[in-house]
1. Can you name the strands (runs of 3 or more DSSP E) wholly within the stretch 307-405 that have at least 2 residues being at pLDDT 95 or above and touching a strand residue (DSSP E or B) at 6+ places or on another chain (Cβ under 7 Å)?
2. Given (1) out of contact with any strand residue (DSSP E or B) (no Cβ under 9 Å at 6 or more places or on another chain); (2) under 22 Å from VAL44 (Cβ atoms); (3) open to solvent by 10 Å² or more (accessible area, probe 1.4 Å), identify the lone condition not met by PHE126.
3. Condition check: in a helix (DSSP H, G or I) and of a type in the set (Asp, Glu). Does GLU100 satisfy that?
4. Within the stretch 135-157, how many residues are open to solvent by 10 Å² or more (accessible area, probe 1.4 Å), within 20 Å of THR209 (Cα to Cα) and in contact (Cβ under 8 Å) with a residue 60 or more places away in the chain?
5. SER358: buried (at least 17 other Cβ atoms within 10 Å of the Cβ), in contact with an Asp or Glu (Cβ under 6 Å, 6 or more places away or on another chain), touching a residue at least 40 places away in the same chain (Cβ under 8 Å) and among the small types (Gly, Ala, Ser), yes or no?
6. Of the conditions (1) within 30 Å of LEU84 (Cβ to Cβ); (2) open to solvent by 10 Å² or more (accessible area, probe 1.4 Å); (3) modelled with pLDDT under 95, LEU433 fails just one. Which one is it?
7. Looking at (1) touching a helix residue (DSSP H, G or I) at 6+ places or on another chain (Cβ under 8 Å); (2) of a type outside the set (Phe, Trp, Tyr); (3) over 30 Å from ARG19 (Cβ atoms); (4) assigned to a loop (DSSP other than H, G, I, E, B), which is the only condition CYS213 fails?
8. Report whether or not GLY62 is buried (at least 18 other Cβ atoms within 10 Å of the Cβ) and not aliphatic (A, V, I, L, M).
Amino acid sequence: MKLLFVTPPMGNWAPWGDRHMASNPLYSQLAAFIREKKAAEVEVLDCRALGLDDNQMIEEIGKRKPDVVFFGTLIAAAGGVAPLKRFHAAMKRIKEKSPEIVTVAGGIMYTAIPKEIMQENPQLDFAIVGVFGDNEYTLWELLNELKNPAPKLSEIKGLAYRNNGEIILNPRRPVITNLDELPMPAYDLFPMDRYYGYSVIPNYNEAVTSRGCEGACHFCYEWWLVDARNPRDFTTHRTRGGKRVADEMELLSKKYGVKALTFMDDDFNSDRQKMVDLVEELEKRKLDISWFCLGRAQNFIRDADLIPRLRKVGMYQVLIGIDGGTDEEIAEARKGPMKVGVKELKELIRYLRQNDISTISTYLNGFWEDDEAKIRQRFKAVDEIDPDIVMIQVLNPIPGSPIYKRAMKENVVEIKDVSLWDLEHAVMPTKFLTRQQLGELTGWAFQSFYSKPGRIERILNGYSSPYVRMKFLSFKENAAKYEKGAAEDAVAI
């Protein structure tokens, strides 16, 4: 049996530019697991990296002759829900050409609302419901059953499938508790020399080392990776140990020549011991690699003693979420037991800057009670916190989240086309603002932030890492496209 992981031709999240691309972390981990279990011969077809169009994709699939094709993503920054429309279009083309090929999908949205997606997309044979990417064991069991004349699909936990016109969702599968039991991602299957960061950084890649998040914020986009039958799985944070992370970094650096690495975990630094072990391992290995991670502010504060050492082993920039314009609004986001308000965030940003570590901060506009005054107050707080780069996203109601349930109940979602559910388009109004007004205010906030005297100069010349400057210049070049996406209905993915 041959299993082919497919990334179809598609665009990219506007802030990163058209050439930003990396290996798919869901694919690399799944492919390694299936290969280790000898369940199938595995290959990867990354049409974006190879520059293939839709016709060339179908031609290449015809040459490779897979029995099963897999589609999916874990990374919100790959375009939110928008890639699913590309996945489903590709599946339809595959089925039209080769109806015998089995189609399987997992990751974002397939975990949250598998039955709904399958109802709308008859070209999809199976959906895997795996919390934060826990697709390994379900896919392994499915491939083994498909080799049998009469597959016993009802016994596979975490699987959605079709049976005589009905879509069946099997009982949920418990989360994988020990990620260190999984093999090293199968980077050898990917065109690693084709990947670029933010359209300007060569020798680039992305990795995911953990699953789950201790925050479970009510607005978080990661709700689309959670099985709605047990939302508590969201906060079951699991991570590879620091030594295993260092092993992966060494592999990427020495075998594939990766110089710039982004950890796409939402909660990279939750585990203190992981961070201690990681910094100790990297101090011994002395790798030629710079890295960027997404982490929670309270954990950077907890690990303040490690910050200088982390910088010396390559951590040049971090991303921190800012969840409101007042301490009360931040507290409402349910970030955890530690009080992290505007004052604490401001002090953290300053401390990181003193240690030559640049900061990117994200925040959301578009909550139901948002009016112009709230959006301006939120901007005022971010301006005071003073990160180097700010990414303002527009709230999308993520299936499974408390916000989604309310949006559906009150029927306020105006844009049903998921190709626009990419966190940069406004898909619903607020109580006081139209979608267009929301987009225009978001554009105003972008322009106001970067117009502050000295801010751009600090980004361009204030840090020793060249990647800080390169990323910002790429973002600046794509800012107009990003603002257009926030205010209009232009498809980017």
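The values are calculated or read from the model by the stated rules, or taken from the named source; none is laboratory data. Since the model is a prediction, treat every value here as computed from it, not as a measurement. Every residue, glycine as well, gets a Cβ built from its backbone with ideal geometry; the counts of neighbours run over all protein chains shown. SASA here: full protein model, heavy atoms, side chains in, ligands and nucleic acids out. Shrake-Rupley method; radii C 1.70, N 1.55, O 1.52, S 1.80 Å.
1. 315-321, 358-365
2. (1)
3. no
4. Count: 0.
5. Here the answer is yes, as SER358 does meet what is asked.
6. (3)
7. Tallying (1) touching a helix residue (DSSP H, G or I) at 6+ places or on another chain (Cβ under 8 Å); (2) of a type outside the set (Phe, Trp, Tyr); (3) over 30 Å from ARG19 (Cβ atoms); (4) assigned to a loop (DSSP other than H, G, I, E, B), CYS213 fails exactly one: (3).
8. No; evaluated as a whole, the condition is false for this residue.
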